[in-house]
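All remarks here apply to the structure that follows.
The values are calculated or read from the model by the stated rules, or taken from the named source; none is laboratory data. The shown structure was predicted, so the numbers you read here are calculated from the model rather than taken from an experiment. A quick note on method: Cβ atoms are made from the backbone with ideal geometry, for glycine too, and the neighbour counts reach across all protein chains shown.
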């Protein structure tokens with residue numbers, strides 16, 4: 001498959017042009033013009049690039065790519081080594097950030113809702129989702145569900161009632177959106193990371209907060225996207241999980 005065709009398909013499928021993002025979405029580093037094998041992963045770190053080289057992949061698709069706003073524009077140090085590895089091996093790098101969080105069926109947030117068997121009742125469009133469990137459960141039971149499905153014990157900041165039924169969530173570093181969860185009256189809010197003030201926000205607003213891991217909450221979208229690509233096109237796709245405890 002031609003690289004240009006895959007890029008165009010993904011740009012359209014993920015509606016990349018509709019997002020005002022912190023990094024460019026789409027093709028970030030150009031490699032070979034024909035693609036037959038793809039490696040997917042969360043972050044375009046050196047370990048993922050090395051895995052793609054070992055797999056003899058023609059392209060890497062990630063959620064966290066390069067060229068973020070406010071980072072140094074010079075290609076030196078770690079960035080130079082990563083980009084050199086891509087260029088020497090002619091590997092295309094495609095990154096999709098917010099489009100891969102927000103996609104209604106394959107995005108990180110959609111996949112998390114499915115993972116936790118939540119009925120999506122989000123009252124307005126946006127990255128943050130609101131869902132409902134089929135029945136209220138003890139918060140400890142729901143914490144166990146989150147931990148077992150993500151294979152990572154979440155950090156629990158208590159504040160809400162002993163049982164929960166409504167759950168708000170947003171993958172990654174979205175702890176600031178707890179205000180939206182509070183506005184919606186959610187019993188628990190889940191994101192990937194946590195800040196010092198989150199403890200007080202949860203306690204004083206009577207809502208539970210779970211920091212379930214930035215990496216852990218953002219594995220599902222890019223993996224699902226790779227599976228979608230392999231079904232639509234005659235391409236081999238390999239998901240490589242470079243674990244990250246954050």
| field | Selection within the range 58-76 - within 17 Å of residue 172 (Cα to Cα) and more than 20 Å from the chain's Cα centre (by Cα) | value | none
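Given the residues 143, 139, 91, 121, which is the only one that is in the same structural domain as residue 196 (by TED's automatic domain parsing), over 21 Å from residue 218 (Cβ atoms) and crowded, with 19+ Cβ neighbours inside 10 Å?
On the way: 143 fails: over 21 Å from residue 218 (Cβ atoms); 91 fails: in the same structural domain as residue 196 (by TED's automatic domain parsing); 121 fails: crowded, with 19+ Cβ neighbours inside 10 Å.
Selected residue: 139, the only one of 143, 139, 91, 121 that is in the same structural domain as residue 196 (by TED's automatic domain parsing), over 21 Å from residue 218 (Cβ atoms) and crowded, with 19+ Cβ neighbours inside 10 Å.
Can you pull out the strands (runs of 3 or more DSSP E) entirely within the range 150-202 that have at least 1 residues that are in contact with a strand residue (DSSP E or B) (Cβ under 8 Å, 6 or more places away or on another chain) and more than 24 Å from residue 126 (Cα to Cα)?
On the way: elements: 155-157, 163-169, 188-191.
Filter on the range 150-202 gives 155-157, 163-169.
Being free of Cβ contacts under 8 Å to residues at least 60 places away in the same chain and not in a loop (DSSP other than H, G, I, E, B) is the filter here; which residues of the range 204-229 pass it? Before the answer, list the steps.
So in the range 204-229, the residues free of Cβ contacts under 8 Å to residues at least 60 places away in the same chain come out as 204-207, 209, 211, 214, 227.
Passing the criteria: 204, 209, 211, 227.
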| remark: Conditions (1) part of a helix (DSSP H, G or I); (2) in contact with a helix residue (DSSP H, G or I) (Cβ under 9 Å, 6 or more places away or on another chain); (3) surrounded by fewer than 20 Cβ atoms within 10 Å (Cβ to Cβ) -> residue 113 fails only (2)
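So is residue 39 at pLDDT 95 or above, crowded, with 18+ Cβ neighbours inside 10 Å, under 18 Å from residue 224 (Cβ atoms) and in contact with a helix residue (DSSP H, G or I) (Cβ under 9 Å, 6 or more places away or on another chain) or not?
Yes; evaluated as a whole, the condition is true for this residue.
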| residue 179 being within 22 Å of residue 213 (Cβ to Cβ), loosely packed, with under 14 Cβ neighbours inside 10 Å and either modelled with pLDDT under 95 or in contact with a helix residue (DSSP H, G or I) (Cβ under 8 Å, 6 or more places away or on another chain) (or both) | yes
| query | Would you say residue 172 is touching a residue at least 12 places away in the same chain (Cβ under 8 Å), surrounded by 21 or more Cβ atoms within 10 Å (Cβ to Cβ) and on the phi > 0 side of the Ramachandran plot? | reply | yes
| field | Tally, over the range 230-243, of residues that are in a loop (DSSP other than H, G, I, E, B) and over 13 Å from the mean Cα position of the chain (by Cα) | value | 6
| note | residue 125 vs (1) modelled with pLDDT of 95 or more; (2) over 16 Å from the mean Cα position of the chain (by Cα); (3) in a loop (DSSP other than H, G, I, E, B): all pass except (1)
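Against the definition (crowded, with 18+ Cβ neighbours inside 10 Å, modelled with pLDDT of 95 or more and within 20 Å of residue 102 (Cβ to Cβ)), how does residue 167 come out, yes or no? Walk me through it before giving the result.
On the way: crowded, with 18+ Cβ neighbours inside 10 Å: yes; modelled with pLDDT of 95 or more: yes; within 20 Å of residue 102 (Cβ to Cβ): yes.
The answer is yes for residue 167.
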| query | Restricting the range 1-36 to residues that are out of contact with any strand residue (DSSP E or B) (no Cβ under 8 Å at 6 or more places or on another chain) and closer than 22 Å to residue 215 by Cβ, which is surrounded by the fewest Cβ atoms within 10 Å (Cβ to Cβ)? | reply | 22
